[in-house]
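Written out below as structure tokens is the structure these notes cover.
The values are calculated or read from the model by the stated rules, or taken from the named source; none is laboratory data. Please read these numbers as outputs of a predicted model, since none were measured by experiment. Every residue, glycine among them, receives a Cβ derived from its backbone with ideal geometry; neighbour counts consider all protein chains shown.
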Amino acid sequence: MRRAEKAITDRAAMDELLDKAEVGRMGTCADGVPYITPVNFAHRGDKIYIHCALEGRKIDNIRANPQVCFEVDEPLGTVVTGESGCEVSYSYRSAIIQGRARMVEDEAEKKEALDILLQKFEPGKVGLEFQPSIFGKTAVIEISIEEISGKQSFPEPA
């Protein structure tokens with residue numbers, strides 16, 4: 001990282017950001033063409049879980065190349081740092097993950113991943129029985145985190 005003073009080095013702080021963020025951006029690449037998809041996701045340990053349709057470009061890309069990049073950020077606002085119009089900065093936290101994606105095919109694993117997603121977005125509904133038809137029409141992507149880095153900026157106002 002070019003600006004080492006902005007690095008988030010505490011893994012717990014990066015995990016907190018992953019737990020808090022509702023939308024992440026998954027980057028895939030196939031045939032040399034990058035593709036970014038905003039997704040709802042949940043995080044547990046060294047895994048990111050995403051649910052989606054059974055087909056589409058991100059699925060095709062993962063099948064062609066399982067290496068992915070995943071990004072989350074927490075925008076905190078614009079900060080005026082000086083008197084001129086050009087002296088403006090931005091407060092934020094972000095995390096970037098390099099990892100390997102796979103399609104979760106096993107029904108028990110898929111249920112566990114969907115429970116993790118429910119725990120994040122609908123905490124009162126955790127532990128519900130899923131209709132069998134859900135498994136046939138819902139894909140679950142698991143990203144194994146291989147590398148994670150974080151960055152933050154909290155500029156001083158003028």
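Annotations
- Inspection of segment 32-40 identifies at least one residue that is closer than 16 Å to I96 by Cα, in contact (Cβ under 8 Å) with a residue 40 or more places away in the chain and of a type outside the set (F, W, Y).
- Evaluation of S84 against (1) of a type outside the set (V, I, T); (2) under 22 Å from S144 (Cα atoms); (3) in a loop (DSSP other than H, G, I, E, B); (4) out of contact with any strand residue (DSSP E or B) (no Cβ under 8 Å at 6 or more places or on another chain) (one fails), failing number: (2)
- Residue match in segment 65-77 (condition: farther than 24 Å from E147 by Cβ and either in contact with a strand residue (DSSP E or B) (Cβ under 8 Å, 6 or more places away or on another chain) or part of a helix (DSSP H, G or I) (or both)): yes
- Scanning segment 101-145 for residues that are outside any helix (DSSP H, G or I) and of a type outside the set (K, R) yields a total of 20.
- Residue in segment 37-55 that is in a loop (DSSP other than H, G, I, E, B), at pLDDT 95 or above and among the charged types (D, E, K, R) present: yes
- Residues considered: L54, L76, L114. Of these, the only one that is farther than 16 Å from T37 by Cα, among the aliphatic types (A, V, I, L, M) and surrounded by fewer than 18 Cβ atoms within 10 Å (Cβ to Cβ) is L76.
Yes/no matrix, rows are residues, columns are (1) in contact with a helix residue (DSSP H, G or I) (Cβ under 7 Å, 6 or more places away or on another chain); (2) among the β-branched types (V, I, T); (3) free of Cβ contacts under 8 Å to residues at least 60 places away in the same chain:
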residue: C86; (1), (2), (3): no, no, yes
residue: R102; (1), (2), (3): no, no, yes
residue: D106; (1), (2), (3): no, no, yes
residue: A113; (1), (2), (3): no, no, no
residue: I116; (1), (2), (3): no, yes, no
residue: F121; (1), (2), (3): no, no, no
